[in-house]
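K.L.:
Have a look at this one before I ask anything.
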Amino acid sequence: MNMLTEGRPTKQDENLAVPDQGALKTHTGNRALMVDEPLIFETGSPDRSGVDLPEAPSVESRLGGLDRDEPISIPGLSEAEMVRHYTRLSRQNYAIDVGLFPLGSCTMKHNPRLNEKMARLKGFSDIHPLQPVDSVQGALGLIDELATWLKTLTGMPAVAMSPKAGAHGELCGILAIRSALEARGDAREVILVPESAHGTNPATAAFAGYKVEDIPANADGRVDLDALKARLGPDVAGVMITNPNTCGLFEPDMKAISDAVHDAGGLVYCDGANFNAIVGRVRPGDLGIDAMHINLHKTFSTPHGGGGPGSGPVVFSEALAPFAPLPFVEKTEDGHFHLVEEETAEDHHESSFGRMVAFHGQMGMFTRALTYMLSHGADGLKQVSEDAVLNANYVLRSLEDVLDAPFAKSGPCMHEALFSDNGFTNGLTTLDLAKGLIDEGYHPMTMYFPLVVHGAMLVEPTETESRAAIDQFIGALRSVAERAKAGDELLKSAPHFAPRRRLDETQAARKPILVWQEPEEYAEAAE
């Protein structure tokens, strides 16, 4: 038993001790402070409102006979009812401020509140992209300083700050590669993508007009160097490789891969979503990489989740720097900053492939990222990656006796630990384990990714979790894993203690109900 829970019953003990879920029902459907909150349409009534409004004056309609002939079906609630409804819903959310967020490949770490405070300073939070350049010198100076940090940390001579997130950064890098090849009259048509790369890599290459071919992984979960070399040829524009890869492993042959691709006339794109695992320890430029995006919202502490906000600057080698997109910040000899926005021979940017976006970038993300860098310093950023790797290996070695870890014998992992569903019985799957983990109070890890591992479970504890927090998570995951291996039937109906029971995920994805209907209307539509 975990010493953190010794002497008191655990949620898992309760789950095993009370298999009859009917015995847990209450009159209201609530579980103490966890309220079974109905939809706002079920709570409200169209004939009431939290605000008294005067009767609308009678005026001649300008709608050409298309006036509404029945009330708008909007629920009416008092102010107290409305506030309580949304407050109750907010308490059903899982977030990094609630507990450990083990999503692999996402780096869902705690974000220091100092960064948020800096992003809200006047002059950063309230500026407009069309303001005169002279009125935003401080903001442009911040962008320039952040760009210097990114170039220093990666060992690359140029950076484009305008891409908005990871996949946008990938597209930026691939467009620069295509422009460079076309400029030398050597347009090629194939991009090689290893099996262990992020799924956005082949999608980005295809979107940019390239044919995509897979490169297999070897038994250790890394790129098969011989297979890569065998496929290189005059039609290969380059390779998109994720390093560390989605198996949570560093590619030790990265320099050899880059050399082989360059010898064949291609260029190398590196997916930098996992830079958090190597920042301060490895400079991608030293590995022969030509372009790499960096997710500021993963590595350098920005709110991550809910669809954004994000930022994905792209660093470039000398070979690709002339083809980087516009605009970018440049410092003049008199110490002023300006935006280079047009391709001109005078400014030596005539080779740029153009713009990625209308405006320069994400000011809030830039402010948070630079605050994070300045707070840590170079030595602190090195410790970030070291602690992230240490925590992931702690998870891997603490669970490899109860969960199958397909690459555990390949040596230490990097920032994330990879497990599979091998050994589960009674038809139980990774999905069942994930649902059981919800009952333990945790958001599940990344499931069924990477595709090279059957029933994959990818866990990234990040560097911001304490050993006590990780121990508690390990204890919960171990408990559910042991139940899955023992064939515990209750896992097939988990979660039992969440605000909602298990959904039919196939129907939810294929036939989602996105618009409120009265029960009788829904029944008619279903028929």
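The values are calculated or read from the model by the stated rules, or taken from the named source; none is laboratory data. Since the structure is predicted, the reported quantities are computational estimates derived from the model, not experimental observations. Virtual Cβ from ideal backbone geometry, glycine too; neighbours counted across all protein chains shown. To get the accessible areas, we keep the full protein, side chains included, count just its heavy atoms, and leave off ligands, DNA and RNA. Shrake-Rupley method; radii C 1.70, N 1.55, O 1.52, S 1.80 Å.
K.L.:
For region 159-176, enumerate the residues that are open to solvent by less than 20 Å² (accessible area, probe 1.4 Å) and either assigned to a strand (DSSP E or B) or touching a Lys or Arg at 6+ places or on another chain (Cβ under 6 Å) (or both). Steps first, please.
P.N.:
Filtering region 159-176 for residues open to solvent by less than 20 Å² (accessible area, probe 1.4 Å) gives 160-163, 166, 169-170, 172-174, 176.
Correct list: Ala160 only.
K.L.:
Among the residues of region 474-496, is any under 30 Å from Ile74 (Cα atoms) and assigned to a loop (DSSP other than H, G, I, E, B)? Write out each step before concluding.
P.N.:
Taking region 474-496 as the starting set, the residues that turn out to be under 30 Å from Ile74 (Cα atoms) are none.
No, every residue in region 474-496 fails to be under 30 Å from Ile74 (Cα atoms) and assigned to a loop (DSSP other than H, G, I, E, B).
K.L.:
Name every residue in region 252-267 that is crowded, with 23+ Cβ neighbours inside 10 Å and either of a type in the set (Asp, Glu) or assigned to a loop (DSSP other than H, G, I, E, B) (or both), in order of residue number.
P.N.:
Answer for region 252-267, where residues must be crowded, with 23+ Cβ neighbours inside 10 Å and either of a type in the set (Asp, Glu) or assigned to a loop (DSSP other than H, G, I, E, B) (or both): just Gly266.
K.L.:
Another question, if that's okay. If you check Ala358, Ala369, Ala392, Ala388, which single one turns out to be of a type in the set (A, V, I, L, M) and part of a loop (DSSP other than H, G, I, E, B)?
P.N.:
Ala358
K.L.:
Yes or no: Pro216 surrounded by fewer than 19 Cβ atoms within 10 Å (Cβ to Cβ), touching a Gly at 6+ places or on another chain (Cβ under 8 Å) and outside the structural domain of Pro406 (by TED's automatic domain parsing)?
P.N.:
no
K.L.:
Count, please, the residues in region 277-298 that happen to be modelled with pLDDT of 95 or more, outside any loop (DSSP other than H, G, I, E, B) and either open to solvent by less than 10 Å² (accessible area, probe 1.4 Å) or closer than 20 Å to Thr200 by Cβ (or both).
P.N.:
Qualifying residue count, region 277-298: 5.
K.L.:
Look at His360 and say whether it is at pLDDT below 95 and within 30 Å of Ala324 (Cβ to Cβ).
P.N.:
Numbers: at pLDDT below 95: yes; within 30 Å of Ala324 (Cβ to Cβ): yes.
Against the criterion (at pLDDT below 95 and within 30 Å of Ala324 (Cβ to Cβ)), His360 qualifies.
K.L.:
Looking only at region 177-203, which residues are within 24 Å of the chain's Cα centre (by Cα), under 20 Å from Leu232 (Cβ atoms) and either part of a helix (DSSP H, G or I) or polar (S, T, N, Q) (or both)?
P.N.:
Correct list: Ser196, Asn201, Pro202.
K.L.:
If I ask for residues that are modelled with pLDDT under 90 and open to solvent by 30 Å² or more (accessible area, probe 1.4 Å), which ones from region 309-329 would you list?
P.N.:
Within region 309-329, Pro309, Phe328 meet the criteria.
K.L.:
Would you pick out the residues in region 405-454 that are in a helix (DSSP H, G or I) and open to solvent by 30 Å² or more (accessible area, probe 1.4 Å)?
P.N.:
Residues of region 405-454 that are in a helix (DSSP H, G or I), as a first pass: 408-410, 430-439.
The answer is Lys409, Ser410, Leu431, Lys435, Ile438.
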